[in-house]
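The values are calculated or read from the model by the stated rules, or taken from the named source; none is laboratory data. If you're wondering where the values come from, they're calculated on a predicted model, not measured in any experiment. Every residue, glycine as well, gets a Cβ built from its backbone with ideal geometry; the counts of neighbours run over all protein chains shown.
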Amino acid sequence: MTRFIRFRRSMETITISEPKPEHTGNAFLPPVALVSLNQDSSAEIRPIVIEGNRVREGQLIARGVQPDCTRIHAPIPGFLRSFKNIQGPDGASSLAAEIVLSGSFDILGRKEENYQWKTAPESEIIRILEDKGVVSTFDEPEPLVHLIRAAKKHKKTIIVVRMFDLDPTCQLDSFLAEKFFVQVVEGAGLIAHSINTKEILFIHDDKKEDAFKESKFKELLGTIDPIVVKTDNRYPSGNRKQLILAMDEQFKKRNMVFIDPSTALSAYEAVVKNKPVLYRHVFVSGPALSRAAVLKVRIGTPVANLIMECGGFSTNPSRIVINGLITGTSVLDLSTPITKTTKSIHIMDKETCPEYNVYSCIRCGRCLQVCPMYLDPMELVEAVKNDQITKQIAKGIDACQHCGCCTMVCPSRIPLHHILSDAQITGKTGALQ
Ligand code: SF4
Ligand code: SF4
């Protein structure tokens, strides 16, 4: 299937070939899981097991040194062979626990539980979400309880659920919102209940209007009011700023907690099914892959295992892209493990994603025309490269939404949004604020 992605500004479109994701269930268990201890923005996480220990499926193996940090559990039973440094899917290096599969399962095959969240105390839901290690993957990953506790300090918080993908090439969140509608809506409901808020805004991108009728949400949420909002499907439409623009005026000044279907589903599994975050759904596709699939994958499973499970390479691969072709990152190592924040893997071929050189800017102005924030990406990037960051430039860098539109259209292949993102992360602009 061919899909056209229309940019919010300018008449430019990009065309991508998009296979329809098929849900094929559980991925094979990895013989060895590499579990990164750096799953989100949590402060320092420390292991609480040592090399040579036996670990049970779901056993807590690492926790933060501060409150609100994400807890890490053993995704498979086995023995902990070593701790080693790895490069995660986001390119950051971290310590990982290497667990070799052996022994019996405590959670797999257990009788399904069905915890009644609507009558549970708020504090109990928060305790469970913390205990099970749920991470928010709406944008920058962070522990969900961190967001919930911050929201409880405000009056009249509203939950905002984006029912589609931030990067449309990712496809996973749109898929989960439809395929696991009940679980996603209940997951959002229990998060709202934990904050004691009675309103949830569900924002969809106009493609599945029939599937997202307000009455369907109401049936599942009891006393919580669903408000269904439609946004257009120009890119970008899923970041905070664009979602706020799509809302009715009465909501725009409220304190908001933004979540995506992946987070809502994890919250549902943690609270209703009493399961720690041991796996996640990942959409695996791309022109160099034999077949596309959405797989339920144990955390720590290497990318190579998923490629094998999808029939292997159909042709020579040129690049592996994690979490979307527009905003994602490339990885080189097939042993890169799945983390709590991995949503998609694209295996690209040489025809659709050739090796390319980066050329000098030809001043075509296309990046300027396409930027939804009305920034001049090239001016900002040149200032970063030349270390000439004025207050005005710093303001521009901080306004960047990292949507990647500029990079997508640049004929010189300059990785504009990656450079701006690095400048924000490394705090190059901070001193001037
Ligand atoms: S990544 Fe930043 S600079 Fe580039 S188009 Fe998006 S908002 Fe503009
Ligand atoms: S799109 Fe690329 S080549 Fe054109 S002005 Fe922007 S940075 Fe320069």
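Tabulated results
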quantity	calculated
Selection status of I397, surrounded by fewer than 21 Cβ atoms within 10 Å (Cβ to Cβ), within 16 Å of ligand 2 (Cβ to nearest atom) and part of a helix (DSSP H, G or I)	no
R363 modelled with pLDDT of 90 or more and in a loop (DSSP other than H, G, I, E, B)	yes
Residue match in segment 424-432 (condition: buried (at least 16 other Cβ atoms within 10 Å of the Cβ) and of a type in the set (A, V, I, L, M, F, W, C))	no
Selection within segment 268-293 - farther than 13 Å from V321 by Cβ, in contact with a helix residue (DSSP H, G or I) (Cβ under 6 Å, 6 or more places away or on another chain) and among the β-branched types (V, I, T)	V271, V277
Unmet criterion (only one of (1) touching a Ser or Thr at 6+ places or on another chain (Cβ under 8 Å); (2) not assigned by TED's automatic domain parsing to the domain that holds P287) for L380	(1)
Close pairs (6 angstrom Cβ cut-off, 6 or more residues apart or separate chains): at positive phi in segment 399-424, part of a loop (DSSP other than H, G, I, E, B) and not charged (D, E, K, R) anywhere	G404/I326; G404/T327; R413/Y356; R413/V358
Residues of segment 109-141 that turn out to be without any contact (Cβ under 8 Å) to a residue 60 or more places away in the chain and in the same structural domain as K198 (by TED's automatic domain parsing), as a count	0
Among residues of segment 318-368, those that are within 16 Å of ligand 2 (Cβ to nearest atom), surrounded by 14 or more Cβ atoms within 10 Å (Cβ to Cβ) and of a type outside the set (V, I, T), counted	4
Residue in segment 352-360 that is touching a helix residue (DSSP H, G or I) at 6+ places or on another chain (Cβ under 7 Å), of a type outside the set (D, E) and in contact (Cβ under 8 Å) with a residue 24 or more places away in the chain present	no
Filter result for K111 (closer than 30 Å to D167 by Cβ and surrounded by fewer than 13 Cβ atoms within 10 Å (Cβ to Cβ))	no
Single unsatisfied condition, E122 versus (1) of a type outside the set (F, W, Y); (2) modelled with pLDDT of 95 or more; (3) over 20 Å from L220 (Cα atoms); (4) surrounded by fewer than 22 Cβ atoms within 10 Å (Cβ to Cβ)	(3)
In segment 17-73, the residues that are free of Cβ contacts under 8 Å to residues at least 40 places away in the same chain and farther than 30 Å from K152 by Cβ	I50, E51, G52, N53
Residues located in segment 301-330, provided they are more than 16 Å from the chain's Cα centre (by Cα) and either under 23 Å from S421 (Cα atoms) or in a loop (DSSP other than H, G, I, E, B) (or both)	T301, C310, G311, G312, S314, T315, N316, R319, I320
Qualifying positions in segment 372-383 - buried (at least 20 other Cβ atoms within 10 Å of the Cβ), assigned to a helix (DSSP H, G or I) and within 12 Å of ligand 1 (Cβ to nearest atom)	P377, M378, L380, V381
